[in-house]
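Colleague: Attaching a single structure in C-alpha coordinates format; questions to follow.
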Amino acid sequence: MNLQRDELVSIITDFYVFLTSFYIPSSALKFPPPGGWPNITEETTRNSNKAPVVIDLIKHLPYIEDDDRGYKSGFVRYIHYKSVVVDYSVYTPEQFEEGDLDQGEEGLQIWAEELEAEKAEAGDDDQEEEEDDEDDEQGDNDNYAQSQHSNDSGVSDLSFAEEEEPFWEDDDDDYEIKLRNLIVLALGHESGGRTLILDVRKREIHEDIVRFMNVSPVPVRKFFNDLRADFEKLVLVPMPEEIEEAEDGNTDDDTQEYIEIWKECGWPGEGFKKEEALVKIKECHVRENLRCDERMRLEAEERERKRATKK
(Lines give C-alpha, C1' and ligand atoms only; values in the text may rest on other atoms or scores of the structure.)
Protein backbone atom coordinates (compact mmCIF):
# COMPACT_ATOMS: atom_id res chain seq x y z
CA MET A 1 0.00 0.00 0.00
CA ASN A 2 1.35 3.42 -0.99
CA LEU A 3 0.45 5.62 1.98
CA GLN A 4 1.52 8.91 0.41
CA ARG A 5 -0.41 8.22 -2.80
CA ASP A 6 -3.45 6.94 -0.92
CA GLU A 7 -3.49 10.01 1.32
CA LEU A 8 -3.46 12.34 -1.68
CA VAL A 9 -6.18 10.30 -3.37
CA SER A 10 -8.25 10.45 -0.18
CA ILE A 11 -7.93 14.24 0.15
CA ILE A 12 -8.94 14.88 -3.46
CA THR A 13 -11.71 12.27 -3.35
CA ASP A 14 -13.20 13.80 -0.20
CA PHE A 15 -13.36 17.19 -1.90
CA TYR A 16 -15.02 15.82 -5.04
CA VAL A 17 -17.56 13.90 -2.94
CA PHE A 18 -18.30 17.12 -1.07
CA LEU A 19 -19.04 18.84 -4.38
CA THR A 20 -21.50 16.08 -5.30
CA SER A 21 -23.39 16.91 -2.12
CA PHE A 22 -23.69 20.47 -3.41
CA TYR A 23 -24.03 20.96 -7.17
CA ILE A 24 -22.24 18.21 -9.13
CA PRO A 25 -24.39 15.15 -10.03
CA SER A 26 -23.23 12.09 -8.10
CA SER A 27 -23.25 10.13 -11.35
CA ALA A 28 -20.60 12.46 -12.79
CA LEU A 29 -17.97 11.37 -10.26
CA LYS A 30 -16.22 8.24 -11.44
CA PHE A 31 -13.79 6.06 -9.51
CA PRO A 32 -10.94 3.92 -10.87
CA PRO A 33 -11.34 0.14 -11.07
CA PRO A 34 -9.13 -2.07 -8.87
CA GLY A 35 -5.56 -1.51 -9.97
CA GLY A 36 -6.27 1.93 -11.39
CA TRP A 37 -7.30 3.33 -14.77
CA PRO A 38 -6.23 0.88 -17.50
CA ASN A 39 -5.22 3.60 -19.98
CA ILE A 40 -2.56 4.97 -17.61
CA THR A 41 0.38 2.57 -17.69
CA GLU A 42 4.15 2.72 -17.71
CA GLU A 43 4.06 2.04 -21.44
CA THR A 44 1.46 4.67 -22.42
CA THR A 45 3.14 7.37 -20.30
CA ARG A 46 6.73 6.48 -21.14
CA ASN A 47 7.34 9.76 -22.99
CA SER A 48 5.28 11.99 -20.71
CA ASN A 49 8.30 13.45 -18.85
CA LYS A 50 6.50 12.87 -15.55
CA ALA A 51 7.93 11.11 -12.50
CA PRO A 52 6.60 7.63 -11.69
CA VAL A 53 4.93 8.96 -8.52
CA VAL A 54 2.89 11.37 -10.65
CA ILE A 55 1.78 8.63 -13.04
CA ASP A 56 0.92 6.36 -10.12
CA LEU A 57 -1.23 9.11 -8.58
CA ILE A 58 -3.27 10.00 -11.66
CA LYS A 59 -3.80 6.29 -12.30
CA HIS A 60 -5.66 6.02 -8.97
CA LEU A 61 -7.47 9.37 -8.80
CA PRO A 62 -11.23 9.76 -9.26
CA TYR A 63 -12.37 12.11 -12.01
CA ILE A 64 -15.42 14.15 -12.89
CA GLU A 65 -17.06 12.97 -16.11
CA ASP A 66 -16.13 15.05 -19.13
CA ASP A 67 -19.23 15.14 -21.32
CA ASP A 68 -22.04 17.40 -22.49
CA ARG A 69 -23.91 17.15 -19.22
CA GLY A 70 -21.91 20.09 -17.94
CA TYR A 71 -23.72 22.38 -20.33
CA LYS A 72 -27.13 20.80 -19.76
CA SER A 73 -27.11 20.62 -15.97
CA GLY A 74 -24.84 23.64 -15.74
CA PHE A 75 -22.23 22.52 -13.24
CA VAL A 76 -20.29 19.41 -14.16
CA ARG A 77 -16.47 19.66 -14.11
CA TYR A 78 -16.11 23.19 -12.72
CA ILE A 79 -14.48 23.16 -9.28
CA HIS A 80 -13.21 26.74 -9.04
CA TYR A 81 -13.48 30.05 -10.87
CA LYS A 82 -13.17 29.27 -14.62
CA SER A 83 -11.46 26.03 -13.65
CA VAL A 84 -12.28 22.61 -15.11
CA VAL A 85 -11.13 19.21 -13.81
CA VAL A 86 -8.69 17.44 -16.15
CA ASP A 87 -9.84 13.86 -16.75
CA TYR A 88 -6.74 11.74 -17.33
CA SER A 89 -8.78 8.53 -17.32
CA VAL A 90 -9.75 9.20 -20.96
CA TYR A 91 -6.32 10.26 -22.21
CA THR A 92 -4.92 8.39 -25.18
CA PRO A 93 -1.28 7.30 -25.54
CA GLU A 94 -0.89 10.08 -28.12
CA GLN A 95 -2.03 12.71 -25.61
CA PHE A 96 0.43 11.45 -23.01
CA GLU A 97 3.22 11.47 -25.58
CA GLU A 98 2.44 14.87 -27.08
CA GLY A 99 3.02 16.65 -23.79
CA ASP A 100 -0.60 17.24 -22.84
CA LEU A 101 0.35 16.48 -19.22
CA ASP A 102 2.34 19.73 -19.21
CA GLN A 103 -0.65 21.81 -20.30
CA GLY A 104 -1.37 24.56 -17.79
CA GLU A 105 2.09 24.49 -16.19
CA GLU A 106 3.50 27.35 -18.27
CA GLY A 107 2.97 30.00 -15.58
CA LEU A 108 4.50 27.86 -12.88
CA GLN A 109 7.44 27.04 -15.13
CA ILE A 110 8.17 30.75 -15.54
CA TRP A 111 7.89 31.20 -11.78
CA ALA A 112 10.26 28.28 -11.20
CA GLU A 113 12.78 29.80 -13.60
CA GLU A 114 12.57 33.10 -11.71
CA LEU A 115 13.25 31.25 -8.45
CA GLU A 116 16.25 29.57 -10.02
CA ALA A 117 17.53 32.97 -11.14
CA GLU A 118 17.11 34.30 -7.59
CA LYS A 119 18.88 31.23 -6.29
CA ALA A 120 21.80 31.79 -8.65
CA GLU A 121 21.95 35.46 -7.70
CA ALA A 122 21.94 34.51 -4.03
CA GLY A 123 24.84 32.15 -4.74
CA ASP A 124 26.78 34.99 -6.36
CA ASP A 125 26.09 37.18 -3.34
CA ASP A 126 27.36 34.43 -1.05
CA GLN A 127 30.55 34.21 -3.10
CA GLU A 128 31.04 37.96 -2.88
CA GLU A 129 30.38 37.80 0.84
CA GLU A 130 33.06 35.16 1.30
CA GLU A 131 35.54 37.27 -0.64
CA ASP A 132 34.67 40.29 1.47
CA ASP A 133 35.16 38.26 4.63
CA GLU A 134 38.62 37.33 3.42
CA ASP A 135 39.39 41.00 2.86
CA ASP A 136 38.14 41.75 6.34
CA GLU A 137 40.38 39.11 7.82
CA GLN A 138 43.30 40.77 6.09
CA GLY A 139 42.45 43.97 7.91
CA ASP A 140 41.10 45.95 4.98
CA ASN A 141 38.09 47.15 6.98
CA ASP A 142 37.62 50.35 5.01
CA ASN A 143 37.39 48.56 1.68
CA TYR A 144 35.10 45.94 3.21
CA ALA A 145 32.70 48.58 4.51
CA GLN A 146 32.68 50.30 1.14
CA SER A 147 31.96 47.04 -0.72
CA GLN A 148 28.87 46.47 1.40
CA HIS A 149 27.36 49.91 0.53
CA SER A 150 26.20 50.69 4.06
CA ASN A 151 22.95 52.65 4.24
CA ASP A 152 22.39 55.91 6.12
CA SER A 153 21.38 54.11 9.31
CA GLY A 154 24.71 52.34 9.43
CA VAL A 155 23.20 48.92 8.67
CA SER A 156 24.69 47.32 5.59
CA ASP A 157 22.52 46.08 2.70
CA LEU A 158 23.89 42.60 3.28
CA SER A 159 22.82 42.55 6.92
CA PHE A 160 19.32 43.66 5.92
CA ALA A 161 19.10 40.92 3.30
CA GLU A 162 20.17 38.27 5.78
CA GLU A 163 17.61 39.45 8.31
CA GLU A 164 14.63 39.95 6.00
CA GLU A 165 15.12 37.43 3.16
CA PRO A 166 16.70 34.19 4.42
CA PHE A 167 15.12 32.41 1.47
CA TRP A 168 18.03 30.21 0.43
CA GLU A 169 19.51 29.50 3.84
CA ASP A 170 17.90 26.06 4.09
CA ASP A 171 18.61 23.12 1.82
CA ASP A 172 18.02 24.08 -1.81
CA ASP A 173 15.87 21.01 -2.44
CA ASP A 174 13.24 22.50 -0.11
CA TYR A 175 12.63 25.22 -2.69
CA GLU A 176 13.36 23.49 -5.96
CA ILE A 177 10.36 22.99 -8.22
CA LYS A 178 10.74 20.03 -10.55
CA LEU A 179 8.22 20.01 -13.38
CA ARG A 180 8.35 16.23 -13.60
CA ASN A 181 6.78 16.12 -10.11
CA LEU A 182 3.85 18.38 -11.06
CA ILE A 183 0.41 17.51 -12.39
CA VAL A 184 -2.49 19.79 -13.33
CA LEU A 185 -5.66 18.78 -11.47
CA ALA A 186 -7.86 21.51 -12.95
CA LEU A 187 -7.19 23.79 -15.89
CA GLY A 188 -8.07 27.48 -15.80
CA HIS A 189 -9.33 29.30 -18.86
CA GLU A 190 -9.79 32.96 -19.73
CA SER A 191 -8.62 35.86 -17.60
CA GLY A 192 -8.62 35.05 -13.89
CA GLY A 193 -9.23 31.33 -14.35
CA ARG A 194 -7.61 29.08 -11.74
CA THR A 195 -5.20 26.36 -12.79
CA LEU A 196 -4.62 23.99 -9.87
CA ILE A 197 -1.23 22.28 -9.99
CA LEU A 198 -0.24 19.57 -7.52
CA ASP A 199 3.39 19.04 -6.58
CA VAL A 200 3.18 15.34 -5.77
CA ARG A 201 6.53 15.16 -3.97
CA LYS A 202 5.95 18.20 -1.79
CA ARG A 203 2.19 17.57 -1.48
CA GLU A 204 1.44 21.21 -2.21
CA ILE A 205 -1.01 22.97 -4.51
CA HIS A 206 0.12 25.84 -6.72
CA GLU A 207 -2.77 28.04 -7.84
CA ASP A 208 -1.96 29.80 -11.10
CA ILE A 209 -4.33 32.65 -11.94
CA VAL A 210 -4.49 32.96 -15.72
CA ARG A 211 -2.98 36.23 -17.00
CA PHE A 212 -2.36 37.48 -13.47
CA MET A 213 -0.05 35.66 -11.07
CA ASN A 214 1.02 32.43 -9.42
CA VAL A 215 -0.06 32.12 -5.79
CA SER A 216 2.38 30.76 -3.20
CA PRO A 217 2.03 26.99 -2.70
CA VAL A 218 -0.30 25.66 0.00
CA PRO A 219 -0.28 22.20 1.63
CA VAL A 220 -2.77 20.09 -0.28
CA ARG A 221 -5.05 19.29 2.67
CA LYS A 222 -5.25 22.94 3.74
CA PHE A 223 -5.91 24.05 0.18
CA PHE A 224 -8.93 21.81 -0.28
CA ASN A 225 -10.22 22.54 3.23
CA ASP A 226 -10.09 26.26 2.44
CA LEU A 227 -11.72 25.72 -0.95
CA ARG A 228 -14.49 23.72 0.69
CA ALA A 229 -15.05 26.54 3.20
CA ASP A 230 -15.38 29.05 0.34
CA PHE A 231 -18.14 26.93 -1.20
CA GLU A 232 -19.89 26.54 2.15
CA LYS A 233 -19.83 30.30 2.73
CA LEU A 234 -20.81 30.94 -0.91
CA VAL A 235 -17.68 32.93 -1.55
CA LEU A 236 -17.61 30.65 -4.57
CA VAL A 237 -21.07 30.51 -6.14
CA PRO A 238 -22.06 27.68 -8.52
CA MET A 239 -23.86 29.15 -11.50
CA PRO A 240 -24.77 27.55 -14.84
CA GLU A 241 -21.59 26.85 -16.79
CA GLU A 242 -19.34 28.63 -14.30
CA ILE A 243 -18.31 29.24 -10.72
CA GLU A 244 -18.53 32.91 -9.73
CA GLU A 245 -16.54 34.63 -6.99
CA ALA A 246 -18.48 36.71 -4.50
CA GLU A 247 -15.79 37.78 -2.06
CA ASP A 248 -16.14 40.95 0.04
CA GLY A 249 -19.79 41.33 -0.96
CA ASN A 250 -18.78 42.45 -4.44
CA THR A 251 -21.57 40.74 -6.36
CA ASP A 252 -23.87 41.78 -9.17
CA ASP A 253 -27.64 41.27 -9.02
CA ASP A 254 -27.55 38.04 -11.04
CA THR A 255 -24.95 36.42 -8.78
CA GLN A 256 -26.84 37.54 -5.69
CA GLU A 257 -29.98 35.88 -7.03
CA TYR A 258 -28.14 32.54 -7.26
CA ILE A 259 -26.79 32.98 -3.73
CA GLU A 260 -30.30 33.49 -2.40
CA ILE A 261 -31.54 30.33 -4.14
CA TRP A 262 -28.80 28.19 -2.56
CA LYS A 263 -29.55 29.64 0.86
CA GLU A 264 -33.33 29.25 0.48
CA CYS A 265 -32.81 25.56 -0.28
CA GLY A 266 -30.81 25.07 2.91
CA TRP A 267 -27.18 25.36 1.87
CA PRO A 268 -25.08 24.56 3.77
CA GLY A 269 -26.75 22.15 6.14
CA GLU A 270 -28.24 18.71 6.58
CA GLY A 271 -31.59 19.92 5.28
CA PHE A 272 -30.17 21.08 1.95
CA LYS A 273 -32.56 20.27 -0.92
CA LYS A 274 -30.12 19.70 -3.76
CA GLU A 275 -32.53 18.67 -6.51
CA GLU A 276 -34.93 21.50 -5.70
CA ALA A 277 -32.03 23.95 -5.77
CA LEU A 278 -30.82 22.70 -9.15
CA VAL A 279 -34.28 23.15 -10.66
CA LYS A 280 -34.51 26.71 -9.33
CA ILE A 281 -30.99 27.48 -10.53
CA LYS A 282 -31.91 26.41 -14.07
CA GLU A 283 -35.08 28.51 -13.95
CA CYS A 284 -33.02 31.46 -12.76
CA HIS A 285 -30.62 30.91 -15.64
CA VAL A 286 -33.51 31.04 -18.13
CA ARG A 287 -34.71 34.33 -16.62
CA GLU A 288 -31.18 35.71 -16.72
CA ASN A 289 -30.85 34.85 -20.42
CA LEU A 290 -34.20 36.48 -21.17
CA ARG A 291 -33.11 39.63 -19.35
CA CYS A 292 -29.85 39.61 -21.27
CA ASP A 293 -31.66 39.20 -24.58
CA GLU A 294 -33.99 42.06 -23.67
CA ARG A 295 -31.07 44.33 -22.79
CA MET A 296 -29.40 43.54 -26.09
CA ARG A 297 -32.63 44.23 -27.98
CA LEU A 298 -33.09 47.60 -26.27
CA GLU A 299 -29.46 48.55 -26.87
CA ALA A 300 -29.80 47.66 -30.55
CA GLU A 301 -32.97 49.76 -30.82
CA GLU A 302 -31.20 52.68 -29.13
CA ARG A 303 -28.27 52.47 -31.54
CA GLU A 304 -30.68 52.38 -34.48
CA ARG A 305 -32.58 55.38 -33.11
CA LYS A 306 -29.36 57.39 -32.80
CA ARG A 307 -28.35 56.53 -36.36
CA ALA A 308 -31.78 57.59 -37.63
CA THR A 309 -31.55 60.88 -35.72
CA LYS A 310 -28.16 61.70 -37.27
CA LYS A 311 -29.62 61.25 -40.74
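The values are calculated or read from the model by the stated rules, or taken from the named source; none is laboratory data. Because the structure is predicted, anything quoted here is derived from the model rather than measured. For neighbour counting, all protein chains shown are included, and Cβ atoms are generated from backbone atoms with ideal geometry for every residue, glycine included.
Colleague: Restricting to segment 272-299, name every residue that is part of a loop (DSSP other than H, G, I, E, B) and closer than 18 Å to Arg228 by Cα. I'd like the intermediate steps shown before the answer.
Modeller: Our first condition is that a residue be part of a loop (DSSP other than H, G, I, E, B); within segment 272-299, this holds for 272-273.
Residue satisfying the conditions is Phe272 alone.
Colleague: Taking segment 1-55 on its own, how many of its residues are part of a helix (DSSP H, G or I), modelled with pLDDT of 95 or more and among the small types (Gly, Ala, Ser)?
Modeller: Total meeting the criteria: 1.
Colleague: If you go through segment 60-80 one residue at a time, how many are part of a helix (DSSP H, G or I) and either at pLDDT below 90 or surrounded by 22 or more Cβ atoms within 10 Å (Cβ to Cβ) (or both)?
Modeller: Residues that pass the stated criteria total 5.
Colleague: Going through segment 194-235 one residue at a time, which ones are in a loop (DSSP other than H, G, I, E, B) and modelled with pLDDT under 90?
Modeller: Those that are in a loop (DSSP other than H, G, I, E, B) and modelled with pLDDT under 90: Val210, Arg211, Phe212.
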